[in-house]
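The values are calculated or read from the model by the stated rules, or taken from the named source; none is laboratory data. All figures in this text were calculated on a predicted structure; none of them were measured in a lab. Counting neighbours? That spans all protein chains shown, and the Cβs are built from the backbone with ideal geometry, glycine included.
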Amino acid sequence: MGLVEEISAMRGGSGHAGRLLGEFRRTALLVPLSTDDDGGLMTGWRGGVRWIYAFTDEDSLARFAHARGAGHREWEYLAILGARLVDAVIPAVDGPTGVAVDVADEDGSMLFPPVVGIVPDACAVDAEPDVAEAV
């Protein structure tokens with residue numbers, strides 16, 4: 001199964017968290033670049049967490065662009081493995097950061113929050129203090 005199918009299974013109650021996370025880590029995701037001067041990845045804030053927007057395909061990204069009223073312009077994006085996002089990008093970001101996949105797809109979206117088992121322990125909001133400091 002691919003990531004979209006794993007998300008569907010999880011949302012339908014028949015998924016397995018380990019398979020979902022494994023597929024997320026193996027999938028090349030499309031991450032739009034920010035239109036700000038910083039040129040970084042496009043993110044949003046919700047609940048005190050910075051969420052990196054990531055999409056499973058160009059159609060999902062296009063739905064997101066359309067929902068933001070910006071479907072008329074071309075969106076630049078980076079293709080990056082989910083594993084690289086959580087293992088390399090998130091540790092470089094200040095503050096709690098997770099990944100929001102296909103956020104414009106009401107029945108197909110999934111959040112990968114900054115918790116132990118998803119992001120490195122040093123970046124996880126639920127890590128034991130001595131574990132996070134040891135990394």
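Please tell me if VAL116 is hydrophobic (A, V, I, L, M, F, W, C), in contact with a Pro (Cβ under 6 Å, 6 or more places away or on another chain) and closer than 29 Å to GLU5 by Cβ.
no
Within the range 20-135, which strands (runs of 3 or more DSSP E) (wholly inside it) include 2 or more residues that are surrounded by 16 or more Cβ atoms within 10 Å (Cβ to Cβ) and either at positive phi or not basic (Lys, Arg) (or both)?
The strands (runs of 3 or more DSSP E) meeting that bar are 28-32, 49-54, 77-81, 97-101, 110-112.
Within the range 73-91, is even one residue more than 16 Å from VAL4 (Cα to Cα), modelled with pLDDT under 95 and in contact with a helix residue (DSSP H, G or I) (Cβ under 8 Å, 6 or more places away or on another chain)?
There is at least one residue in the range 73-91 that is more than 16 Å from VAL4 (Cα to Cα), modelled with pLDDT under 95 and in contact with a helix residue (DSSP H, G or I) (Cβ under 8 Å, 6 or more places away or on another chain).
So, in the range 21-72, exactly how many residues are farther than 25 Å from GLU6 by Cβ and charged (D, E, K, R)?
4
Please go through the range 92-107 and give me each residue that is touching a Ser or Thr at 6+ places or on another chain (Cβ under 9 Å) and either under 24 Å from THR35 (Cβ atoms) or modelled with pLDDT of 95 or more (or both), ordered by number.
VAL93, THR97, ALA100, VAL101, ASP102, VAL103, ALA104, ASP105, listed by residue number.
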